[in-house]
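J.: I'd like to ask you about the structure that follows.
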């Protein structure tokens, strides 16, 4: 079985001896102008351990020193070189587009938490407490209940449900609004350095905002300086930063080729 | 601000897992994502394995410092 680390913008690269999983050599499997970086995996699958995931990343970083590289999702395996070539051929249009996008760039991860007690930004839009379209009906009903004079407020289970639902909707909208506001702020401050920014809200509902920034490799220090200015100007944000990473967040999960089904 | 690169840092591990297990290119065709201990799901040309349980395990480990 072949373990596939990434796609390189060249049909060849020098073998990297012994750096792969299980001590395997990293070798190219060429397909047209591209090559997949692979090593032989004795088993049919790989266990995701911190060590194995770091190894995957280290191989990509090593390749990125000389090439544009698209990181494959951890755990990608293929039966043999011929089957892999078929995969590459099938996805080649999308792969070429993505390679052009990430060439010479790295990914920086930002994790940002806003401290509400120190927030000085005006006009929090979520204070309008608007209700999303899908929840409008129950939201309006719940708002009516919440706004009713105290003695008129229904105390049944239905009312409690609607109150809880309204609170949940408000909370979700507040997070989304806050995320958009933060992304806009960061785009303004980092626009000259970051080529692209992807913002995400953690699925676990935590207060952090996750941003991925695509930065030219030789401008990482400049990016860090810009982030430093941002932290000074907006002390209400607790910003942590990791990287540089292979550009996982800036590749299409599936091929862009017209051949996809 | 210094960009963190410490390989043993819990936060760096969490960020790496978020990327390597959830993002990155997914090839179509004969390539599969095959993690030990996780059931393979074969769906026509596109083969994926849910890595949620694995990543959650490592997130928990990272939070508790056990990793």
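The values are calculated or read from the model by the stated rules, or taken from the named source; none is laboratory data. Model, not experiment: these values are computed from the prediction. Here the Cβ is made from the backbone with ideal geometry for all residues, glycine too, and neighbour counts use every protein chain on show.
J.: Need the failing condition index for residue A:27 against (1) facing another protein chain (nearest Cβ under 9 Å); (2) buried (at least 20 other Cβ atoms within 10 Å of the Cβ), just the number.
T.: All conditions pass for residue A:27, except number (1).
J.: When the stretch A:7-24 is examined, which residues are found to be surrounded by 22 or more Cβ atoms within 10 Å (Cβ to Cβ) and under 14 Å from residue A:81 (Cα atoms)?
T.: A:7
Conditions tested, residue by residue: (1) within 11 Å of chain B (Cβ to nearest Cβ); (2) over 23 Å from residue A:53 (Cα atoms); (3) modelled with pLDDT of 85 or more; (4) in contact with a helix residue (DSSP H, G or I) (Cβ under 8 Å, 6 or more places away or on another chain).
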site	(1), (2), (3), (4)
A:181	no, yes, no, yes
A:187	no, yes, no, no
A:192	no, yes, no, yes
A:227	yes, yes, yes, yes
A:238	no, yes, yes, no
A:245	yes, no, yes, yes
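J.: Now, a different point. Take the conditions in contact with a helix residue (DSSP H, G or I) (Cβ under 8 Å, 6 or more places away or on another chain) and modelled with pLDDT under 50 and apply them to residue A:131. Does it pass?
T.: Yes; evaluated as a whole, the condition is true for this residue.
J.: Give the residue that is nearest to the chain's Cα centre (by Cα), with candidates limited to residues of the stretch A:212-225 that are within 12 Å of another protein chain (Cβ to nearest Cβ) and surrounded by 14 or more Cβ atoms within 10 Å (Cβ to Cβ).
T.: A:212
J.: Just checking, does the stretch A:136-155 include any residue being surrounded by 14 or more Cβ atoms within 10 Å (Cβ to Cβ), modelled with pLDDT of 75 or more and more than 22 Å from residue A:242 (Cβ to Cβ)?
T.: No, every residue in the stretch A:136-155 fails to be surrounded by 14 or more Cβ atoms within 10 Å (Cβ to Cβ), modelled with pLDDT of 75 or more and more than 22 Å from residue A:242 (Cβ to Cβ).
J.: Give just the number: which of (1) in a loop (DSSP other than H, G, I, E, B); (2) within 14 Å of chain B (Cβ to nearest Cβ) does residue A:36 not satisfy?
T.: (1)
Yes/no matrix, rows are residues, columns are (1) in a loop (DSSP other than H, G, I, E, B); (2) more than 7 Å from every other protein chain (Cβ to nearest Cβ); (3) modelled with pLDDT of 50 or more:
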residue: B:8; (1), (2), (3): yes, yes, no
residue: B:11; (1), (2), (3): no, no, yes
residue: B:23; (1), (2), (3): yes, no, yes
residue: B:29; (1), (2), (3): yes, no, yes
residue: B:47; (1), (2), (3): no, yes, no
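J.: Determine which member of the set A:69, A:59, A:77 is touching a helix residue (DSSP H, G or I) at 6+ places or on another chain (Cβ under 6 Å), closer than 30 Å to residue B:10 by Cβ and at pLDDT 90 or above.
T.: Details: A:59 fails: touching a helix residue (DSSP H, G or I) at 6+ places or on another chain (Cβ under 6 Å); A:77 fails: touching a helix residue (DSSP H, G or I) at 6+ places or on another chain (Cβ under 6 Å).
Exactly one residue qualifies, and that residue is A:69.
J.: Going through the stretch A:194-224 one residue at a time, which ones are modelled with pLDDT of 80 or more and in a strand (DSSP E or B)?
T.: Residues satisfying the conditions are A:209, A:210, A:211, A:212, A:213, A:214, A:215, A:216.
J.: Go through the stretch A:39-57 and give me each residue that's part of a helix (DSSP H, G or I) and surrounded by 15 or more Cβ atoms within 10 Å (Cβ to Cβ). Break it down into steps so the answer makes sense when it comes.
T.: Within the stretch A:39-57, the subset part of a helix (DSSP H, G or I) is A:50-57.
Result: A:50, A:52, A:53, A:54, A:55, A:56, A:57.
J.: As an exercise: evaluate residue A:91 against (1) buried (at least 24 other Cβ atoms within 10 Å of the Cβ); (2) at pLDDT below 90; (3) more than 14 Å from residue A:251 (Cα to Cα) and give the number of the one condition it does not meet.
T.: Among (1) buried (at least 24 other Cβ atoms within 10 Å of the Cβ); (2) at pLDDT below 90; (3) more than 14 Å from residue A:251 (Cα to Cα), residue A:91 violates only (3).
J.: Tell me, which residue of the stretch A:6-33 that is touching a residue at least 60 places away in the same chain (Cβ under 8 Å) and assigned to a loop (DSSP other than H, G, I, E, B) is nearest to residue A:55 (Cα to Cα)?
T.: Here the answer is A:9.
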